[in-house]
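Asker: Take a look at the following structure, please.
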Amino acid sequence: MNQNEHIVVTFHIRGDNFDVEEVTRKLQITPHVVARKGFAPEHDQEAPPSKTHFWSIKANPKDFDTISMEILAMSLVNQVLPNADFVRELSIDNQVQIVCSIYSDKLKNWLTLSPELMSNLSSLGATFDVTIYADSI
């Protein structure tokens, strides 16, 4: 992957029916982005107020020798999987998802997903969203 091509993979919880502090406490993970409904995100006080509560972690590609959507997504899923019951309960009234954004002109094998990842997402009650940003495909 050249410097103009990259993948961003995040795990989001978004909705009106959860407490961001409780998520942080129960998952024992420091989020990259937190926003409370009606307030700007903690990392960007100049942003407009959030329409929902939002809690997010992001995979860091620098932590891996090989970068693929599968590896980055699994790294996030594995962080929250020990608390699958809690996350699945959140998914009833809130949106729980892995979001993958691919920035590239060339489609590669980035969309290959293992049965293990799909099974783990299912156990979390999470959806999987992919957005491809490309000049030409």
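Asker: In this structure, is V87 out of contact with any Phe, Trp or Tyr (no Cβ under 8 Å at 6 or more places or on another chain) and surrounded by 14 or more Cβ atoms within 10 Å (Cβ to Cβ)? Walk me through how you get there before you give the answer.
Answerer: Working: out of contact with any Phe, Trp or Tyr (no Cβ under 8 Å at 6 or more places or on another chain): yes; surrounded by 14 or more Cβ atoms within 10 Å (Cβ to Cβ): yes.
Yes: the conditions hold for V87.
Asker: Could you please let me know if V23 is under 19 Å from S123 (Cα atoms) and crowded, with 18+ Cβ neighbours inside 10 Å?
Answerer: On the way: under 19 Å from S123 (Cα atoms): yes; crowded, with 18+ Cβ neighbours inside 10 Å: yes.
It is true that V23 is under 19 Å from S123 (Cα atoms) and crowded, with 18+ Cβ neighbours inside 10 Å.
Asker: Continuing with the same structure: Return yes when N94 is farther than 20 Å from H6 by Cα and modelled with pLDDT of 95 or more and no when it is not.
Answerer: Working: farther than 20 Å from H6 by Cα: yes; modelled with pLDDT of 95 or more: yes.
Against the criterion (farther than 20 Å from H6 by Cα and modelled with pLDDT of 95 or more), N94 qualifies.
Asker: Might you check whether a residue that is acidic (D, E) and in contact (Cβ under 8 Å) with a residue 24 or more places away in the chain occurs anywhere in segment 21-38?
Answerer: Among the residues of segment 21-38, not one is acidic (D, E) and in contact (Cβ under 8 Å) with a residue 24 or more places away in the chain, which makes the answer no.
The values are calculated or read from the model by the stated rules, or taken from the named source; none is laboratory data. Treat the numbers as computed from the prediction; the structure is a model and nothing was measured. Methodologically, a virtual Cβ is constructed for each residue, glycine included, from the backbone with ideal geometry; neighbour enumeration extends over all protein chains shown.
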